[in-house]
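In what follows, a single structure is set out as structure tokens and then discussed.
The values are calculated or read from the model by the stated rules, or taken from the named source; none is laboratory data. The structure displayed is predicted, hence computed values, not measured ones. Ideal geometry is used to build each Cβ from the backbone, glycine not excepted, and the neighbour counts take in all protein chains shown.
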Amino acid sequence: MSRRLVSPSAARAVSPQNAEEDARTHWFRLWVLGSVLVIAQALMALSAAQAQARPAPDGFADLAEQLLPAVVNISTTQTVSMDRGPVIPDFPEGSPFREFFDEFFERHGRPDSSPRRATSLGSGFVIDAEGYIVTNTHVIADADEVTVTLSDDRALTAEIVGRDPKTDIALLKVSPDGALPAVRWGDSDASRVGDWVMAIGNPFGLGGSVTAGTISARARDINAGPYDNFIQTDAAINRGNSGGPLFNLDGEVIGVNTAIFSPSGGSVGIGFAVPANLAKQVVNDLKDYGRTRRGWLGVRIQTVTPEIAESLGLDEARGALVASVTQGGPAEAAGVQAGDVVLTFNGRPIDDMRQLPRIVAETEVGADVTVDLWRDGERASVSVELGELEAAEDSGLLASNTVPTNPAAPGAVGGATLLGLTVRPITPEMASTFDLPQDTPGVVITDVDAESDAADKGLRPGHVIVEVNQAPVANPDEVRAALDQARDAGRSSVLLLVQRDGTMSFLALKLG
């Protein structure tokens, strides 16, 4: 009888005990392999993080040596009128005081009222080898003459190519004998809080001064202008550093040093720089056109508070609430309405109201952009062809930045007290009492409960409620109906469009 030969490995495979051992071995190998992969991924992630977060440099000497030649000192002179000298009382003839002043002026001479020359100092940096230099607008404001002193002590007279007070950026041009050492712009959006930075400038007239520190914060709003988005740094910045560059460790300009916070007037470690991504667009416009060309949407906006978000049925407080639409502007042509909330602009989310003006301004004039809105409890989209802000300012279009008015609809002549407000139709008598145009739409507030939410929100007699929950109202009954509708919908607050001091704005009141 023939025997079937079985290999040792095959013999093990048919044993239950061996099968269990093989299973354990198999799973152990998988566990080891998995652990190795996890460790490898962790090491790769750590390596990537270390590549992004650089360690503190050993020093800044090499970087400073490379960049110092491109940083310049700026001095300006201007004529200051002295035609208003000391005010001397006109004493009557024979008065002992008159004799005293006459004798004093005979000895010391009368005050000199001739014009004087005033000087100021600042910093700048060469951004183009042909001689284009960036600085701050306030450094060269009202200057009759601007002188640029290079790192090799050459002094050149500069021409002012253009300036932009809204961002405090200015562009100068000098005519050197040859190419100048220049620096390049960096990506300020890529900078992070804690990154090392270096500032070079002309503090107190001490040219070529280098200081270093870190980025303390980003997107700071210091109420300096409509496009505030400052980089905050603790690198020492003092008077005279204005207009100088803020560098990253790659030697790229990521900011233009502009302002400091200081009770003493000297550096206390809180300096602010205009981000490079904003500054370079302004510089390009000044170079190409001699002025800025910003995108213009044609709306007046306000913050979406949690109460306003709830009253509009929005999931969270985000976006920019359109308070009014400029007549004849791009937004009106596209169908944007007061009460819309701008959620995204040209694909970029608007998390905070302050972002929208900056993003619009950075967008090319004439571009067709998609604007996503929140309207009547749901999303909507419109396409807008952007205008030019400067052209709108020159034409006076911005002066009519209010929603259109319509004649008040007829209604009850009596008043009603709602949410701590007494409101009445705008009759000719009411319009005369509160100095309102006869065709003002809405209902006028005649009294406010001092303990009410309305009083806390700043509503006063003479203010006009134009809409309630984005529905026009012309009499107290319509106001009451809108409030009841909001309560029936389970809302805890109601949205009012209010005209006060000649402007329109939205505010949310708690439903009592």
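The number of residues in segment 441-469 being buried (at least 16 other Cβ atoms within 10 Å of the Cβ), over 22 Å from Ala486 (Cα atoms) and more than 34 Å from the chain's Cα centre (by Cα) comes to 1. In summary, strands (runs of 3 or more DSSP E) completely within segment 165-264 and bearing 3 or more residues that are aliphatic (A, V, I, L, M) occur at 169-173, 196-201, 209-220, 253-260. Of the residues making up segment 288-301, those that are surrounded by 16 or more Cβ atoms within 10 Å (Cβ to Cβ) and not small (Gly, Ala, Ser) are Thr292, Arg293, Arg294, Trp296, Leu297, Val299, Arg300, Ile301.
One line per residue, one yes/no per condition, for (1) buried (at least 20 other Cβ atoms within 10 Å of the Cβ); (2) assigned by TED's automatic domain parsing to the domain that holds Asp352; (3) at pLDDT 95 or above; (4) not acidic (Asp, Glu):
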| site | (1), (2), (3), (4) |
| --- | --- |
| Gly225 | no, no, no, yes |
| Ala235 | yes, no, no, yes |
| Ser242 | yes, no, no, yes |
| Phe247 | yes, no, yes, yes |
| Ser262 | no, no, no, yes |
| Val268 | no, no, no, yes |
| Pro275 | yes, no, yes, yes |
| Val283 | yes, no, yes, yes |
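Of everything listed in (1) assigned by TED's automatic domain parsing to the domain that holds Ala279; (2) touching a strand residue (DSSP E or B) at 6+ places or on another chain (Cβ under 9 Å), the single unmet condition for Asp168 is (1).
The single condition among (1) under 30 Å from Gln499 (Cα atoms); (2) under 21 Å from the mean Cα position of the chain (by Cα) that Ala279 does not meet is (1). Among the residues examined, Asn277 does not qualify as free of Cβ contacts under 8 Å to residues at least 12 places away in the same chain and within 18 Å of Gly243 (Cα to Cα). Contact map, segment 175-187: first residue among the basic types (Lys, Arg), second residue in a loop (DSSP other than H, G, I, E, B) and buried (at least 16 other Cβ atoms within 10 Å of the Cβ), Cβ cut-off under 7 Å, separation 6 or more or different chains; pairs are Arg184/Glu252. Taken over segment 126-149, residues that are over 15 Å from Arg163 (Cα atoms), in contact with a Gly (Cβ under 8 Å, 6 or more places away or on another chain) and not hydroxyl-bearing (Ser, Thr, Tyr) amount to 1. Checking each residue in segment 346-369 for being touching a Ser or Thr at 6+ places or on another chain (Cβ under 7 Å) and either surrounded by 13 or more Cβ atoms within 10 Å (Cβ to Cβ) or in contact (Cβ under 8 Å) with a residue 40 or more places away in the chain (or both) picks out Asn346, Ile350, Met353, Val369.
Of the residues Val253, Val304, Val283, which is β-branched (Val, Ile, Thr), out of contact with any Phe, Trp or Tyr (no Cβ under 6 Å at 6 or more places or on another chain) and touching a residue at least 60 places away in the same chain (Cβ under 8 Å)? Checking each option against the conditions leaves just Val283.
Of all the criteria given as (1) outside any loop (DSSP other than H, G, I, E, B); (2) closer than 30 Å to Val183 by Cβ; (3) touching an Asp or Glu at 6+ places or on another chain (Cβ under 6 Å), the one not satisfied by Val365 is (1).
Residue check: is Ala431 in contact with a strand residue (DSSP E or B) (Cβ under 7 Å, 6 or more places away or on another chain) and either modelled with pLDDT under 90 or part of a loop (DSSP other than H, G, I, E, B) (or both)? Taking the combined requirement at face value, the residue does not satisfy it.
Annotation note: Cβ proximity below 8 Å between a residue of segment 138-164 that is more than 21 Å from Pro181 (Cβ to Cβ) and a residue that is in a loop (DSSP other than H, G, I, E, B) and not basic (Lys, Arg) (sequence gap 6+ or interchain) occurs for His138/Asp168; His138/Ser242; Ile160/Ala143; Gly162/Gly290; Gly162/Thr292; Arg163/Ala141; Asp164/Thr292. Of all residues in segment 153-165, exactly one satisfies the criterion of being over 12 Å from Val134 (Cα atoms) and crowded, with 17+ Cβ neighbours inside 10 Å, namely Leu156.
On the stretch given as segment 302-325, residues that are in contact with a Gly (Cβ under 9 Å, 6 or more places away or on another chain) and surrounded by 20 or more Cβ atoms within 10 Å (Cβ to Cβ) total 7. Hey, among the residues in segment 188-206 that are out of contact with any helix residue (DSSP H, G or I) (no Cβ under 7 Å at 6 or more places or on another chain) and over 24 Å from Asp58 (Cα atoms), which one's surrounded by the most Cβ atoms within 10 Å (Cβ to Cβ)? By that ranking, first place goes to Asn202.
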